[in-house]
Amino acid sequence: MSGIKKTLSRHSPHELHRQWMHIAMGLLHVAILGIGGLGALRIFTLGLLAVGIALAVITHHKLVPFLRDAVRHVQRGKETIPGEGALFFVLGIALVAWLFSNETNVLGAIIALTFQDAFSTLIGIHWGRNRIMERKTLEGAVGGFAVCFIALGLIFSWPIALAAALVATLVELLPLNDSLSIPLAVGIILHVLV
């Protein structure tokens, strides 16, 4: 077994749960946007951020043990704030919901965040062999790109879906918080192209 496979597989049970939660949360935001429009999504993300921050404070101070344990189950070791990944995920969606007025472009940014980020990790954990960056594999990047491209291709023309998926994949490789950088970068490229 290669070094990258060993490194990723040690974290895979928690990481798999985390990524499936990532996809579920992304699809929930897509549903809110589809049912209630951009206004509903804006209100929902602000409310979710407020609740998330309150829960992070409560969890940090160990006031609710079962909540602390549940958060620990999907939290990465480098994260210092309880629920940090989920908070940044919602913050990334909130930013594009408030910065862009075109609902289709906001939808594209959410889809890119939901599918590129999660599937690059899931595919990288299972089939990744060729490390291209720390904790990133070529197989994960290509798989995340493919799933993102297909999902975006259901909404946008193929050239626009290709450009947006490529931007999402390249941004995901940068040493930035991809929950913020992917939706913002994809929102900008869609704003320019659509």
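Taken together, the values in this text are just the output of simple stated rules run on the coordinates, not laboratory data. Since this is a predicted model, take the numbers as computed values, not measurements. Neighbour counts run over all protein chains shown; Cβ positions are idealised from the backbone, glycine included.
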| query | So which GluC sites (Glu not before Pro) in the range 113-177 pass both tests, a DSSP loop state and at most 16 other Cβ atoms within 10 Å of the Cβ? | reply | E134
| field | Within-12-Å neighbourhood charge of Q116 [Cβ basis; K, R +1; D, E -1] | value | -3
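By how many nm would the segment from V57 to A40 grow when fully extended, if each residue of separation counts as 0.36 nm and the alpha-carbon distance is taken off? Working shown, then result.
Numbers: separation 17, 0.36 × 17 = 6.12 nm, distance 2.58 nm.
Between V57 and A40, full extension yields an extra 3.5 nm.
According to the Cα gyration tensor, what semi-axes, each the square root of 5 times an eigenvalue, does the equivalent ellipsoid of the range 87-183 have, listed from largest to smallest in whole Å? Numbers along the way, then the final one.
Working: eigenvalues 99, 48, 18 Å².
Over the Cα atoms of the range 87-183, the ellipsoid semi-axes are 22, 16, 9 Å.
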